[in-house]
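The block underneath contains the structure these notes are about, expressed in C-alpha cells.
Please treat every number below as a calculation from the coordinates, not as lab data. What you see is a predicted model, and the numbers here were worked out from it, not measured in a lab. No Cβ is skipped: glycine too gets one built from the backbone with ideal geometry, and neighbour counts run over all protein chains shown.
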Amino acid sequence: MFFRRLTGEEDMKTKLKSVLVCIIIAFFIQGSISGESREAKVKKWTVIENDKKVLYMTVDGILVHESDPAKQPQPQVITPGTSGTARKAGTAPSDAIVLFDGTAESFKNWTDTKGNRSKWKLVDGAMESVKKAGMIQSKQKFGSCQLHVEWACPVNVKGKDQGRGNSGVFLMGTYEVQVLDSYNNTTYPDGQAGAIYGRGKPLVNACRKPGQWQSYDIIFHRPTFDKNGKVDRRATFTVLHNGVLIHDHYTLDGGTGWRGPHAISEYVPHADRLPIKLQDHGNPVRFRNIWVRELND
Ligand code: MG
C-alpha cells in the first residue's frame, strides 16, 4: 500500500516540526514589523544667525522643518473670502484681483472685444449678456491663474440643448469652460455645463436649477510655445463646479473653438497673457463675483 499509518513516534516528530516552523515564521514577522516602527533618531539644536535664534532639526541625519526665514520664508498671510451660495454672492480673498464685485466701478474693468464700452447690462449687481453685444473681456490680461466666477442661467427657461442658457468662460480669451443650463437639459457631454468645450466632459453634472447662482473655481495653467510656435507644454485645467471637482488636472490637447473645425484644431500660438472673456451666445446669462489670482508657470 502507498500510504501507511504513522507510528506514534513519527507523528510526534511531525507535530514538533510544524510548531518549529510556526515559531520561525512568527519571529520573522515580528522582526519585520518592529523594523518598520523603530524609533527615528531625532536631533535638535539652536544656532544664532543674524541675531536670531534658528532651530535646526534632523531625523536620521536628514534636515527637516527649516525655520530660518531667510532660507524658508513664511507663506504670505491673507484673509480668505467667503463662498457664494445659490442666493448670496461670495467675496474674494484679500490677495485676489477683483474683476467684478457687482459695482458700476468694477464693471469698468470690462470692455467689448475692440476695447470699447460693452453693451452688456449691469443688473442687480450682475453683468448680464446681451444678444449680439458680443463677448465681454477683462481689461487686464492673464496667463496661468486661479479664476473664480459665479453665474446664473435665466430663470425663465427658453430653448433646449445648446440654446438654453449658453455662455462661456474663456481663459486667455481662447479656451472655453462651457456655461450652459444643463439642469434637465441634455446635450452632447463635451458641450454641457462645465465641459472644456468640445474636448473634455465634466466628471459629473453638478448643475443647479436655472435662476440659481452657481460657481466655477478654475485652476488654469497656460500652454507654452517654442520658438517655432509649436506647443511645448499643454494647458491644464482643474475645475470645481459648485464646489464639486469636475476636471482633475485635465490636459487640453488643442483649441476649443466650435469652428476649428469643431474643437479638433491644434494649438495656435499666442501671447503669454490675454484677457478673460465671457461669451454672448444670445441668452441673458448673468455673472457676478469674479476674481483672479495669478499663478506662477
Ligand atoms: Mg458657450
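Structure values in brief
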| quantity | calculated |
| --- | --- |
| Per-residue [θ]222 nm for the chain (sum of -39500 (n - 2.57) over DSSP H runs n ≥ 4, rounded to 500) | -3500 deg cm²/dmol |
| Long-range amide H partners of residue 283 with built H, under 5 Å | 166 |
| Distance in nm between pseudo-label sites at residue 104 and residue 47 (7 Å out along the Cβ direction from Cα) | 6.1 nm |
| Set of aspartates and glutamates near residue 277 by C-alpha distance (under 12 Å), chain-local residues within fewer than 8 positions excluded | 112, 176 |
| HN-Hα J in Hz across region 55-72 - Karplus 6.51, -1.76, 1.60, θ = phi - 60°, x for Gly and Pro | 8, 10, 8, 10, 10, 6, x, 9, 5, 10, 6, 4, 10, 6, x, 6, 8, 9 |
| Separation between Cα centres of region 220-297 and region 113-185, rounded to whole Å | 14 Å |
| Computed over region 97-294: relative contact order in percent, which uses C-alpha pairs under 8 Å that are six or more apart | 32 percent |
| Residues of region 69-84 with amide N under 14 Å of the 7 Å Cα→Cβ point at residue 54 | 69-74 |
| Using θ = phi - 60° and Karplus 6.51 cos²θ - 1.76 cosθ + 1.60, couplings along region 286-297 (whole Hz; Gly, Pro as x) | 10, 10, 8, 6, 10, 9, 9, 10, 6, 10, 6, 6 |
| Note, ³J(HN,Hα) from phi for region 124-133, Karplus 6.51, -1.76, 1.60, rounded to Hz, x at Gly and Pro | 6, x, 10, 8, 10, 5, 10, 3, 6, 6 |
| Folded to 0 to 90 degrees: helix 8-36 orientation relative to the chain principal axis, Cα | 40 degrees |
| Cut-off under 5 Å, modelled amide H: who pairs with residue 182 long-range | 193 |
| Share of alpha-carbon pairs per 5 Å distance bin for region 188-261, given as whole % | 4, 16, 22, 22, 16, 11, 6, 2, 1, 0 |
| Span per principal axis, largest first, for the Cα atoms of region 97-294 (Å) | 48, 37, 29 |
